[in-house]
Amino acid sequence: MDSPQNDLDARALGRAAPGKGLAREACPYAAGTEARTLWLSGYDDAVSDGIEPVTGGIAKHPVDGSAR
């Protein structure tokens, strides 16, 4: 998935999050804020549309450090 634009709202960022390897519990917004509610709503929409959810915070992708 391509990176989302920088000027997207919290809901759009939440919708992009599972495709970027972020789990629902890794929401960057504080509890009780509107931004958190919007981000979680976007995340849930993405998952309901068939995007695979991530568990455990941030997905860990294998990195081959030998190329450095």
| request: For region 10-58, calculate the relative contact order in percent as a whole number, restricting contacts to Cα pairs under 8 Å that are 6 or more residues apart. | output: 53 percent
| query | Exposure proxy check: Thr55, Thr37 ranked by fewest other beta carbons within 10 Å? | reply | Thr55, Thr37
| Stretched out fully, how many nm does the piece from Ile58 to Lys20 gain, at 0.36 nm a residue minus the Cα gap? | 12.8 nm
| note | Applying the gyration tensor rule to the Cα atoms of region 10-58 (axes a ≥ b ≥ c; rounded if a/c under 1.5, else prolate if a/b exceeds b/c, else oblate), the class is oblate
| said: Modelling each spin label as a point 7 Å along the Cα-to-Cβ direction, I'd like the Thr37/Asp9 distance in nm, to one decimal. | reply: 1.3 nm
| request: Starting from the amide H of Ala23, placed 1.01 Å from N in the peptide plane, find each other amide H under 5 Å away whose residue is 5 or more places distant or on another chain. | output: Gly57, Ile58, Ala59
| Which listed residue (Ala30, Ala46, Gly19) has the Cα farthest towards the positive end of the charge dipole for region 10-58, taking +1 on Lys and Arg C-beta and -1 on Asp and Glu C-beta about the Cα centre? | Ala30
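None of the figures in this text is laboratory data; all of them are computed from the coordinates on show. Everything quoted here is computed from the prediction, not taken from an experiment. Please note: Cβ atoms are built from the backbone with ideal geometry, for glycine as well, and neighbour counts cover all protein chains shown.
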